[in-house]
Amino acid sequence: MQIANGNLPIPNHQIANPKCPVPAFIPSALLPTTKGCILAYRYKQMNPLWPEFILAFAAVIVSCGFPSDCAASEVRVGVAMVDITPPPGIPMAGYYHERGADGVLDPLYSKAMVIESGGERAALVVLDLISIRRAITDNARAAIEKTTGIKAGSVMISATHAHTGPELTDPGQVASVLPEQKRLVIDYSEGLPGRIVESVRLANERLQAAQLAVAEGRCEDLTFNRRYFMRDGSVGWNPGKRNANIVMPAGPSDTEVKLLYVERPGANGPTQSIATYVNFAMHPDTCGGNKISADWPGALSRVLGGYHGTNHATLVANGTCGNLNHVDTSWAWPQGTAIEQHRIATILGASVFQAYKHLTPLATGPIHAKSQFVELELPHTTTEEVQEAKQTLDATKDDRDGNFMKLVRANRALDIAARQGKPYRVEVQVIALGKDVAWVSLPGEIFVELGLAIKKRSPFPHTFLVELANESVGYVPDRRSYSEGNYEPESARCAAGSGEKLVEAAVTVLTELHK
């Protein structure tokens with residue numbers, strides 16, 4: 001549609017309501033005040049003697065969202081879910097002791113959303129897994145491009161970080177020397193790219209006209225910084241309930257609940273929704289045990305599904321929660337069993353429902369994707385530390401009974417030594433929709449301080465931060481936290497300053513795509 005002489009011509013195909021007396025030409029000055037589409041009828045043709053200015057100011061501006069024959073016809077969205085629940089007996093990820101899955105509390109999914117705008121498409125995939133391997137991402141992206149035509153660089157694959165899912169390994173690893181349980185891990189990991197591809201393929205097939213809206217809510221008193229300044233001057237990690245030695249949290253939290261809401265054109269209620277993409281920062285480690293579960297992201301999906309219906313998909317992308325979890329140290333009640341996910345989903349679901357009241361229609365715009373690769377240096381480790389680590393792993397098989405930090409340091413030392421000084425090369429990806437919304441992928445468990453810095457500096461009004469996306473290097477603390485020690489910095493496989501490099505890369509790409 002072209003604007004000429006300061007006026008916007010209304011094409012014949014947009015005449016949707018003969019009872020709506022909108023003139024043939026609407027002054028463009030009125031356009032910023034109109035939300036939705038202008039339903040026009042060419043009264044000028046029927047009443048040629050009516051002055052143009054009377055027609056213009058008598059126009060009835062109908063705010064009707066984004067009907068399919070109006071601006072949102074440029075946007076199509078498709079969603080799909082594919083079951084990725086592993087078989088019984090598979091080793092489970094998340095802890096420093098062995099667990100084999102002996103049942104399923106709720107299924108795991110690969111959830112995909114494909115967005116098409118301005119002739120370009122992008123795919124956002126969320127997995128109910130603890131992390132994603134680089135080789136799995138590369139394989140899946142290549143197959144997605146071949147199968148659907150969606151460019152590999154426009155595909156973002158993230159994990160929710162559920163601690164009650166399977167271990168993963170790199171596809172192609174030799175399995176003949178592994179025990180039967182490890183064989184299950186190999187088979188699962190080799191089959192995972194195909195399931196990811198299938199979810200994107202189905203979502204791409206289901207592309208339909210859609211209207212998008214965004215909202216930002218808050219969920220207070222649910223996600224907490226799990227690092228605390230203690231009375232002895234140290235920094236504690238998960239120091240326990242009602243611990244009298246806690247002084248204060250050692251860092252901030254992030255209570256923002258960010259939403260992308262997708263519904264059918266002209267929708268007038270929750271049952272006409274297509275999907276909700278939720279971005280919230282909190283470790284999904286509430287269940288424990290040996291049962292497969294998607295943890296609170298899965299429970300949240302069921303809460304929203306109960307409101308929207310079975311055709312609605314909920315995608316939960318975890319924000320920067322490397323040092324955030326659900327444990328409220330001021331509250332005496334236990335929070336470490338499978339029932340906790342239901343409490344969390346109820347509270348967070350209520351925040352989502354409240355945010356729905358403030359949904360703002362999203363202006364259409366082209367989709368762009370760009371990545372920057374960043375080299376992260378390794379922490380220093382000595383030959384003595386490596387030798388001690390080998391002895392520790394030979395003698396210690398369980399992280400309980402005071403062995404947790406011993407195993408943390410031992411595994412870290414051996415992982416660093418295995419790289420033989422080679423830095424990590426990791427991807428920071430940005431997918432932007434117009435000038436208002438952007439998704440940022442971050443390759444690990446990122447401290448909240450780093451995520452808040454990206455949000456503050458992003459030129460996009462709505463910036464979704466997606467950690468554990470496309471790959472994972474483990475914990476990435478901010479520089480200050482390295483000097484404070486304890487679990488996350490002592491587990492980190494990348495050197496101090498790595499997080500700040502990721503922030504700079506993210507801001508650089510965001511700025512470039514916003515130009």
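The values are calculated or read from the model by the stated rules, or taken from the named source; none is laboratory data. The structure presented is a predicted model; accordingly, all values stated were derived computationally and were not measured. As a convention, Cβ positions derive from the backbone with ideal geometry for all residues, glycine included, and neighbour counts pool all protein chains shown.
Evaluated against (1) under 30 Å from Gly485 (Cβ atoms); (2) surrounded by fewer than 16 Cβ atoms within 10 Å (Cβ to Cβ); (3) of a type outside the set (Ser, Thr, Tyr), Ala250 falls short on exactly one condition, (2).
Looking at this structure, is Glu216 among the charged types (D, E, K, R) and either under 18 Å from the mean Cα position of the chain (by Cα) or under 30 Å from Glu340 (Cα atoms) (or both)? Spelling it out, Glu216 is indeed among the charged types (D, E, K, R) and either under 18 Å from the mean Cα position of the chain (by Cα) or under 30 Å from Glu340 (Cα atoms) (or both). Listed by position, the strands (runs of 3 or more DSSP E) inside segment 244-330 whose residues that are among the hydroxyl-bearing types (Ser, Thr, Tyr) number at least 2 are 273-280. For Glu216, state whether it is assigned to a loop (DSSP other than H, G, I, E, B) and at pLDDT 95 or above. No; evaluated as a whole, the condition is false for this residue.
Going through Ile292, Ile339, Ile274 one at a time, which residue ends up being surrounded by fewer than 24 Cβ atoms within 10 Å (Cβ to Cβ), touching a residue at least 12 places away in the same chain (Cβ under 8 Å), of a type in the set (A, V, I, L, M, F, W, C) and on the phi < 0 side of the Ramachandran plot? None of the other options fit; the residue is Ile274. Tell me, please, whether a residue that is of a type in the set (A, V, I, L, M, F, W, C), in a loop (DSSP other than H, G, I, E, B), touching a Gly at 6+ places or on another chain (Cβ under 9 Å) and at pLDDT below 95 can be found in segment 364-385. Scanning segment 364-385, I find no residue that is of a type in the set (A, V, I, L, M, F, W, C), in a loop (DSSP other than H, G, I, E, B), touching a Gly at 6+ places or on another chain (Cβ under 9 Å) and at pLDDT below 95, so the answer is no.
With the condition kept exactly as written, say whether any residue in segment 172-185 is in the same structural domain as Ala299 (by TED's automatic domain parsing), touching a His at 6+ places or on another chain (Cβ under 7 Å) and buried (at least 19 other Cβ atoms within 10 Å of the Cβ).
no
Here Ile115 passes the criteria (1) under 20 Å from Ser189 (Cα atoms); (2) surrounded by 24 or more Cβ atoms within 10 Å (Cβ to Cβ) except the one numbered (1).
Checked against (1) crowded, with 24+ Cβ neighbours inside 10 Å; (2) touching a Lys or Arg at 6+ places or on another chain (Cβ under 8 Å), Val440 meets all criteria but (2). If the condition is being over 16 Å from Gln354 (Cα atoms), surrounded by fewer than 24 Cβ atoms within 10 Å (Cβ to Cβ) and either in contact with an Asp or Glu (Cβ under 6 Å, 6 or more places away or on another chain) or modelled with pLDDT of 95 or more (or both), then segment 299-312 contributes Arg302, Gly309, His312. Applying the selection to segment 364-386, what residues are touching a strand residue (DSSP E or B) at 6+ places or on another chain (Cβ under 9 Å) and surrounded by 14 or more Cβ atoms within 10 Å (Cβ to Cβ)? Hits for segment 364-386 are Thr364, Gly365, Ile367, His368, Ala369, Lys370, Ser371, Gln372, Val374, Leu376, Glu377, Leu378.
Out of curiosity, is Glu427 of a type in the set (Asp, Glu), buried (at least 18 other Cβ atoms within 10 Å of the Cβ) and either out of contact with any strand residue (DSSP E or B) (no Cβ under 8 Å at 6 or more places or on another chain) or not assigned by TED's automatic domain parsing to the domain that holds Pro366 (or both)? Judged against the criteria, Glu427 is not a match.
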